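Worksheet: one structure, shown below.
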Amino acid sequence: MKTILSIILLIASMAVNAQVSVKWPDDKKATIILTYDDALPSQLKTAVPQLKAAKLNATFFLTSDIDSVSIPQWRALAKSGFELGNHTVFHPCAGTDDNPVPSDHYTAYQIIREIEVMDRFLYAVDGKTKRTFAYPCAETIVGGKDYVDSLRKYTLVKYARAGGDSTAFITDFEHLDPFRVPSYGLEGGESGEQLIAFVKKVQKSGGLGIIMLHGIGGDYITISAEAHQELIKYLQTQKKEIWMPTFQQGMDYINKQIPLKAQKI
């Protein structure tokens with residue numbers, strides 16, 4: 001009797017802990033999404049040419065730092081299939097050391113309003129009405145309060161990318177909150193070998209890995225152009241095994257695979 005009970009409990013435990021997986025397009029083994037924050041010049045100068053040469057797609061989360069010189073370039077990128085995401089107007093973060101606009105005195109309404117304004121700004125660039133979002137500095141708190149549920153309520157953006165480290169890849173899609181999607185946030189100085197190691201971990205898991213990049217061979221939170229090229233070259237060789245969509249494409253696909261009611265939307 002005890003043996004039967006143990007088996008029943010084991011099966012129940014396995015059912016509870018089972019993770020809902022996603023079958024990737026064209027029988028791919030895993031998915032990698034490249035995202036670039038802050039509309040940095042080095043991204044246009046270095047990252048984009050490398051991506052285009054390898055015929056890889058990516059998402060760029062833009063702030064109002066885009067200007068009359070870069071806007072035509074961003075517009076052309078959007079037309080060629082790259083995604084332009086919302087990263088707020090002023091990129092407010094806690095403290096002022098690295099960011100001129102502190103978020104300490106923001107309210108949830110103020111940050112939501114700023115996201116709304118940036119949505120309109122980006123509409124003037126690419127003509128799209130629904131887009132994704134990335135939290136500035138990967139922070140979901142302004143003025144001491146979490147604003148994720150407010151962002152969810154106002155339905156300004158479809159999905160929101162958060163932060164994380166090299167262990168932040170996704171295999172449990174049933175419990176994935178589309179407004180707290182984790183990513184591997186680079187700290188700067190990572191080698192091509194380190195970036196490829198992350199991709200290989202995602203491949204082995206069969207899951208989704210999102211990489212958060214900033215400067216490429218310049219600007220700040222920088223990885224070298226060479227390290228970036230090593231990553232791109234590796235991804236290029238893995239096209240048969242890895243799907244590499246934009247953030248919105250990837251999340252839209254997951255939402256079709258996993259019932260929305262099973263997610264925290």
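The values are calculated or read from the model by the stated rules, or taken from the named source; none is laboratory data. Note that the coordinates shown come from a computational prediction; the quantities given were computed from them, not determined experimentally. FYI the Cβ positions are ideal-geometry reconstructions off the backbone, even for glycines, and counts take in every protein chain you see. Remember, those area values only see protein heavy atoms, side chains included, never the ligands or the DNA or RNA. Shrake-Rupley method; radii C 1.70, N 1.55, O 1.52, S 1.80 Å.
In the set P49, P92, which member is modelled with pLDDT of 95 or more and open to solvent by 50 Å² or more (accessible area, probe 1.4 Å)?
Answer to the selection: P49.
It is to be established whether one or more residues within the stretch 108-125 are part of a loop (DSSP other than H, G, I, E, B), modelled with pLDDT of 95 or more and surrounded by fewer than 17 Cβ atoms within 10 Å (Cβ to Cβ).
No.
Looking only at the stretch 126-139, count every residue that is in a helix (DSSP H, G or I) and on the phi > 0 side of the Ramachandran plot and tell me the total.
Looking only at that region, the number is 2.
Can you name every residue in the stretch 141-189 that is crowded, with 17+ Cβ neighbours inside 10 Å, in contact with a His (Cβ under 9 Å, 6 or more places away or on another chain) and closer than 19 Å to I111 by Cα?
Correct list: V142 only.
Among the residues of the stretch 126-138, write down those that are open to solvent by 30 Å² or more (accessible area, probe 1.4 Å) and touching a strand residue (DSSP E or B) at 6+ places or on another chain (Cβ under 6 Å).
Residues satisfying the conditions are D126, K130, C137, A138.
Does the stretch 4-21 contain at least one residue that is modelled with pLDDT of 95 or more and assigned to a helix (DSSP H, G or I)?
Within the stretch 4-21, not a single residue is modelled with pLDDT of 95 or more and assigned to a helix (DSSP H, G or I).
Hey, can you tell me all the residues within the stretch 190-200 that are outside any helix (DSSP H, G or I) and either crowded, with 18+ Cβ neighbours inside 10 Å or in contact (Cβ under 8 Å) with a residue 60 or more places away in the chain (or both)?
The answer is E190, and nothing else.
Starting from the stretch 201-226, keep only residues that are closer than 30 Å to I258 by Cα and assigned to a strand (DSSP E or B), then list their pairs with residues that are among the acidic types (D, E) and open to solvent by less than 20 Å² (accessible area, probe 1.4 Å) whose Cβ atoms are within a distance under 8 Å, requiring at least 6 positions of separation or different chains.
M212/D37; L213/D37
For I216, which of the numbered conditions (1) within 15 Å of the chain's Cα centre (by Cα); (2) under 27 Å from S64 (Cα atoms) fails to hold?
Just one mismatch for I216, condition (1).
Any idea which of L51, L44 is free of Cβ contacts under 8 Å to residues at least 60 places away in the same chain and among the aliphatic types (A, V, I, L, M)?
It is L44.
Name the residue that is farthest from G95 (Cα to Cα), counting only residues in the stretch 140-166 that are touching a Pro at 6+ places or on another chain (Cβ under 9 Å) and assigned to a strand (DSSP E or B).
Taking the candidates together, the pick is K158.
Given (1) under 22 Å from S183 (Cα atoms); (2) in contact with a Pro (Cβ under 6 Å, 6 or more places away or on another chain), identify the lone condition not met by T132.
It is condition (2) that T132 fails.
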